[in-house]
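The values are calculated or read from the model by the stated rules, or taken from the named source; none is laboratory data. Since the structure is predicted, the reported quantities are computational estimates derived from the model, not experimental observations. A quick note on method: Cβ atoms are made from the backbone with ideal geometry, for glycine too, and the neighbour counts reach across all protein chains shown. With ligands, DNA and RNA removed, areas are computed over all heavy atoms of the protein, side chains included. Shrake-Rupley method; radii C 1.70, N 1.55, O 1.52, S 1.80 Å.
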2 protein chains.
Amino acid sequence: MDHTALAQDATWEQVKELCDQALKFHTASVCIPPSYVARAKEYLGERMAVCTVIGFPNGYQTRAVKAFETRDAIANGADEIDMVINIGDLKDGRLDAVREEIKELKDICGSRILKVIIETCLLTDEEKKIMCRLVTEAGADFIKTSTGFSAAGATFADVELFAAHVGEKVRIKAAGGISSFEDAKRFMELGADRLGTSRLVKLALAEEKSGAEMDGKPDTEVGEKPDGEPGAGGDADGDADR
Amino acid sequence: MDHTALAQDATWEQVKELCDQALKFHTASVCIPPSYVARAKEYLGERMAVCTVIGFPNGYQTRAVKAFETRDAIANGADEIDMVINIGDLKDGRLDAVREEIKELKDICGSRILKVIIETCLLTDEEKKIMCRLVTEAGADFIKTSTGFSAAGATFADVELFAAHVGEKVRIKAAGGISSFEDAKRFMELGADRLGTSRLVKLALAEEKSGAEMDGKPDTEVGEKPDGEPGAGGDADGDADR
């Protein structure tokens, strides 16, 4: 799990708390706004991977800006990068532009993990399949369903589609609307390698509080994130109820 | 009015249609995603001002990225810039950082108009007053209520607060939730110099269709924008019903 705080009004205090929770629950990373990367890296050092977001959440920045933003994030200490594709370019059939943008960001990332958010809720199945191909061709590490700032999050069908169409080196992150451990298990059975959700966290903390044992599998470990403003895109992994 | 299409999945065809409508209705500008600025400028030439958005909609990019994005937009032909403040910095009391970021972007803009979106729905009245002061001190041209991608849009109270607290050189843009000509009139009476809404457009086109005369005041002229995806941040001037 990428332990995430991308609310528009997230404060450093909230981001720092998120970092502490991530350390406690051994999440895969903390995923935080670009302007907090330098401080989070200084605070965490090598104890936890710092992930940040590029062209987020709308994806319609120029390629030059996304490239600069990626370099800037890495210079500030980012270990992982979650980028959003240019959806307008995809819908306009400018597929070379979409692929080359991903490829340029992957080149900048080098050995660092690059996840590509395609915002499935805005795409047709045909467009999703095209993106599976382009993400694979561009050499990115993950395809990810959702920003959490659009109309909806991950579906079982999307993850199944990803699993059937991405190359074998491309992993899958499902994000958004994962509201129970049963759902989480199902997403992983269908092929998801990482999950984004904050609802499981609340369940897990409730279980912890009641003394129940937690499932210790690395990819299902969870941590709490601070609540975002209601309705304000507080959960960038897609848990917002819209 | 800034005639706006900032939906996450806006295509060039939709942006071009928006440009045509802006020309027809003589709006103050078209406000479009950064990746369309070069094409829109090539299409429009000097017939219409092109406005784009920086650090949009979440505002938590680094200052270096916002500065680069602004330079990139201007190099692509942008005539006006709508930036989003770093809300976390404001809430963390890093007021110098907030002001210096606005100031740097205004320096880059030079004589071009810079509007500063403070996302009123996430701020306390005290924070709004602080922003009136910082926007004035930084020398920006407009203070603007909302991105249209957060919890809510402009209120009469916000525009009144702005009018009472910004410097005399700072103009006011109200955006979001303006659903009738009566409301539009009220916002302008309270001090708004520009308005952002797409609902008035539909009313105006309906009136035009029925042969009714339109009010020809420059700041109330309206044009239609293509409908965005429902619930997907389609109306970046805040008309989304959330």
- Task: Output yes when any residue across region A:145-160 is surrounded by fewer than 16 Cβ atoms within 10 Å (Cβ to Cβ) and among the aliphatic types (A, V, I, L, M), and no when none is.
- Result: yes
- Please go through region A:132-155 and pick out each residue that is in contact with a strand residue (DSSP E or B) (Cβ under 7 Å, 6 or more places away or on another chain) and assigned to a helix (DSSP H, G or I). A:132, A:135
- Message: Going by what's in this entry, would residue A:69 be described as modelled with pLDDT of 95 or more, in contact with a Gly (Cβ under 8 Å, 6 or more places away or on another chain) and within 13 Å of another protein chain (Cβ to nearest Cβ)?
- Response: yes
- Check whether at least one residue in region B:93-113 is within 23 Å of residue A:52 (Cβ to Cβ) and touching a Pro at 6+ places or on another chain (Cβ under 9 Å), and report yes or no. no
- Kindly indicate the residue of region A:28-62 that is of a type outside the set (A, V, I, L, M), outside any strand (DSSP E or B) and within 13 Å of the chain's Cα centre (by Cα) and also farthest from the other protein chains (Cβ to nearest Cβ) among those meeting that condition. A:55
- Query: Has region B:120-127 got at least one residue that is assigned to a loop (DSSP other than H, G, I, E, B), open to solvent by less than 40 Å² (accessible area, probe 1.4 Å), more than 9 Å from chain A (Cβ to nearest Cβ) and within 27 Å of residue B:3 (Cβ to Cβ)?
  - Reply: no
- Message: I'm told residue A:114 meets every condition in (1) more than 14 Å from chain B (Cβ to nearest Cβ); (2) open to solvent by 10 Å² or more (accessible area, probe 1.4 Å); (3) touching a residue at least 24 places away in the same chain (Cβ under 8 Å) except one. Can you identify the failing condition by its number?
- Response: (2)
- Task: Please find, among A:151, A:75, the residue that is free of Cβ contacts under 8 Å to residues at least 24 places away in the same chain and among the aliphatic types (A, V, I, L, M).
- Result: A:75
- Query: Which one is farthest from the other protein chains (Cβ to nearest Cβ) among residues in region A:1-18 that are touching a strand residue (DSSP E or B) at 6+ places or on another chain (Cβ under 9 Å) and part of a helix (DSSP H, G or I)?
  - Reply: A:18
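Inspect all residues belonging to region A:173-180 and state whether any of them is outside any helix (DSSP H, G or I), open to solvent by less than 50 Å² (accessible area, probe 1.4 Å), touching a Leu at 6+ places or on another chain (Cβ under 8 Å) and of a type in the set (Val, Ile, Thr).
Yes, region A:173-180 contains at least one residue that is outside any helix (DSSP H, G or I), open to solvent by less than 50 Å² (accessible area, probe 1.4 Å), touching a Leu at 6+ places or on another chain (Cβ under 8 Å) and of a type in the set (Val, Ile, Thr).
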- Task: Could you grab me the full set of residues in region B:147-173 that are under 23 Å from residue B:8 (Cβ atoms), away from chain A (no Cβ under 14 Å) and in contact with a helix residue (DSSP H, G or I) (Cβ under 8 Å, 6 or more places away or on another chain)?
- Result: B:154
- Answer yes if at least one residue in region A:77-85 is within 13 Å of chain B (Cβ to nearest Cβ), over 20 Å from residue A:174 (Cβ atoms) and either surrounded by fewer than 21 Cβ atoms within 10 Å (Cβ to Cβ) or at pLDDT below 95 (or both), and no otherwise. yes
